[in-house]
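Taking it in order: structure first as structure tokens, then the write-up.
The values are calculated or read from the model by the stated rules, or taken from the named source; none is laboratory data. All figures in this text were calculated on a predicted structure; none of them were measured in a lab. Methodologically, a virtual Cβ is constructed for each residue, glycine included, from the backbone with ideal geometry; neighbour enumeration extends over all protein chains shown.
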């Protein structure tokens, strides 16, 4: 697992306005790489994947890891119906093996 703090400052707004602060994770689950973004001050994190396919069992394992180890309150993933990160993931058994440092 890789974890990085990111602070993106707005290029167009006055300083301190529309800044984005979040933790970005990279998780390897059995050779499949997922990205997670958790905005500071937000209760929930979102699972993303460049290939756009997030396996249900992987999403459950990642959600369990984020809830139990990182303190995330809610985990979402892309809803194909709405095109937004509104599909809530229920944590399932097990946690993904961490890889990379």
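Limited to the range 1-47, what total is found for residues that are assigned to a loop (DSSP other than H, G, I, E, B) and either surrounded by 14 or more Cβ atoms within 10 Å (Cβ to Cβ) or free of Cβ contacts under 8 Å to residues at least 24 places away in the same chain (or both)? Of the residues in that region, 16 qualify. Residue 69 meets the conditions (1) in a loop (DSSP other than H, G, I, E, B); (2) at negative phi in every case but one. The failed one is (1). For the range 54-101, a residue qualifies if it is at pLDDT below 85 and out of contact with any strand residue (DSSP E or B) (no Cβ under 9 Å at 6 or more places or on another chain), and the qualifying residues are 92, 93, 94, 95. Would it be correct to say that residue 54 is crowded, with 17+ Cβ neighbours inside 10 Å, in contact (Cβ under 8 Å) with a residue 24 or more places away in the chain and part of a strand (DSSP E or B)? Answer is no for this residue.
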